[in-house]
1. From the set of residues in segment 44-58 that are open to solvent by less than 70 Å² (accessible area, probe 1.4 Å) and under 18 Å from L477 (Cβ atoms), which is modelled with the lowest pLDDT?
2. May I ask you to say which residue of N416, N369, N391 is closer than 20 Å to T220 by Cα and in contact (Cβ under 8 Å) with a residue 40 or more places away in the chain?
3. Looking at the structure I just gave you, is V436 modelled with pLDDT of 95 or more, buried (at least 19 other Cβ atoms within 10 Å of the Cβ) and in contact with a Pro (Cβ under 9 Å, 6 or more places away or on another chain)?
4. Being in a loop (DSSP other than H, G, I, E, B), under 13 Å from L12 (Cβ atoms) and open to solvent by less than 30 Å² (accessible area, probe 1.4 Å) is the filter here, so list the residues in segment 108-133 that pass it.
5. Restricting the first residue to segment 59-81 and requiring it to be surrounded by fewer than 20 Cβ atoms within 10 Å (Cβ to Cβ) and modelled with pLDDT of 85 or more, which pairs with a second residue that is hydroxyl-bearing (S, T, Y) and not in a loop (DSSP other than H, G, I, E, B) meet a Cβ separation below 7 Å and a spacing of at least six or different chains?
6. With the condition kept exactly as written, say whether any residue in segment 365-375 is closer than 30 Å to H215 by Cα and in contact with a Pro (Cβ under 7 Å, 6 or more places away or on another chain).
7. Looking at (1) touching a helix residue (DSSP H, G or I) at 6+ places or on another chain (Cβ under 8 Å); (2) more than 17 Å from F415 (Cβ to Cβ), can you tell me which one D429 breaks?
8. With the requirement that a residue be polar (S, T, N, Q), in contact with a Phe, Trp or Tyr (Cβ under 8 Å, 6 or more places away or on another chain) and open to solvent by 10 Å² or more (accessible area, probe 1.4 Å), what does segment 21-43 give you?
Amino acid sequence: GQLPTWLQGILLRNGPGMHTIGDSKYNHWFDGLALLHSFTFKNGEVYYRSKYLRSDTYNCNIEANRIVVSEFGTMAYPDPCKNIFAKAFSYLSHTIPEFTDNCLINIMKAGEDFYATGETNFIRKINPETLETLEKVDYNKYVAVNVATSHPHYDSAGNVLNMGTSIVDKGKTKYLLFKIPSSVPEQEKKKSCFKHLEVVCSIPSRSLLHPSYYHSFGITENYIIFIEQPFRLDIVKMATAYIRGVSWASCLAFNKDEKTWFHFIDRKTKKEVPTKFYTDAMVFFHHINAYEEDGHIIFDIIAYTDNSLYDMFYLKNLGKDFEENVKLTSIPTCKRFVVPLQYDKDAVVDSNLVTLPSTATAVKEKDGNIYCQPEILCEGIELPRINYDYNGKKYKYVFATQVQWSPVPTKIAKFNTQTKEMLHWGQDDCWPSEPVFVPRPDAKEEDDGVVLTCVVKTDPKDPPFLLVLDAKTFTELCRATVNVEMHMDLHGMFIPQQAMKTEAE
């Protein structure tokens, strides 16, 4: 086929690439050493490259020829030949663990630079053109967080908004929302934008020793949406995991009898909305989008009824009959919550406060709390992306992978949240990655552009390819076959040519 001539830039992807080092193997697919790969679009042609992220973790492991740095699902131990004092000391220092900088989940833009991100306090600067690994940034030097999400948001000025959990303050566990400015004052050009990082607000954890796990958060024009789910990290267990010889993943537990709490932070006042909104227990990773309408906040997420998804990706489950053997016990469900921020304070108990046309409800309870039930938009999609120009605004389209009952995507879907129509692209033996929407320059409509996805073939003899779809019709425009082994990845971003500062400049 033919590439649109306007498509100029780099599709940058990140994900786990190496799972065996010497004689040692990671336990979990999400633990593998980060592999960056990119497709560069230039004058109707595509160039592919890939490179391992040269993190400290990568370098230590390769040098030792075994896994020596712990990942979430794999606990690693230092050299047993070292003397006993060193061993005792390393046990003690693991209370708040020294986390890995194996940033394998996503790519983030901060200022004019690009970073590989994971879920620890470390991110790694990279060169998006050569995929070279540059300096390591420790969030902890600028804000007291031990973990941070790899799904930040960007405001209209290009500032980064992100969230992290602070478990360092004795017994004062809290979630912090912080902002990284897109530029620094002229007189401080030498300084990084992280030096100007500011904490926007903090939300105390409902349980000091059991903070909620979260992978993303939501944003509208005036509010930040943070969901505290009963999928929690046990800090005491985590502090002793090293001594007990278990992974940090084993310190995560889902309590199906607890509530899921919604927090809404006013972006102007930096204060939380005082009304308490909640829903039933659920586990979720991805926010899709959120917006405001007539005094309501509407937000769409992909949720599960249990935490089985993580367990499926233990490498012992990823055998050759993976698709047949591993079935989700909870299908991913696209849920729309409609939350009335402005409602009649004299409304009777048990009345539904939602005044918009929706099957979602928000019921006032005796104690003043409001119980929210979602509208189900669709089922079986994951890794959602939107036209980011519509982020925080009323929107129509979600681009996602289709998973149904297997955790591995078999199709790409375009879902219309208003009409509930779904378009698909799929072919036998194809596993597509997260679809990335790229708008056509000067586009007037939300779906005017292309969707890019990397497709891995289930038969290793068949070469993988980059697929370019017309985002409107979902028809294939072209594909670029790559004659190297390509891995399934997690997340990434498209960097338009004009957003790249070239080395020459």
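1. G44
2. Values: N416 fails: in contact (Cβ under 8 Å) with a residue 40 or more places away in the chain; N369 fails: closer than 20 Å to T220 by Cα.
Going through N416, N369, N391 in turn, the sole match is N391.
3. On the way: modelled with pLDDT of 95 or more: yes; buried (at least 19 other Cβ atoms within 10 Å of the Cβ): yes; in contact with a Pro (Cβ under 9 Å, 6 or more places away or on another chain): no.
Against the criterion (modelled with pLDDT of 95 or more, buried (at least 19 other Cβ atoms within 10 Å of the Cβ) and in contact with a Pro (Cβ under 9 Å, 6 or more places away or on another chain)), V436 does not qualify.
4. Matches in segment 108-133: N127, P128, L131.
5. R66/S24
6. No, because not a single residue in segment 365-375 is closer than 30 Å to H215 by Cα and in contact with a Pro (Cβ under 7 Å, 6 or more places away or on another chain).
7. (1)
8. Across segment 21-43, the qualifying residues are N27, T40.
The values are calculated or read from the model by the stated rules, or taken from the named source; none is laboratory data. What you see is a predicted model, and the numbers here were worked out from it, not measured in a lab. Positions of Cβ are backbone-derived with ideal geometry, glycine not excepted, and every protein chain shown enters the neighbour counts. These area figures cover heavy atoms from the full protein model, side chains too; ligands, DNA and RNA do not enter into them. Shrake-Rupley method; radii C 1.70, N 1.55, O 1.52, S 1.80 Å.
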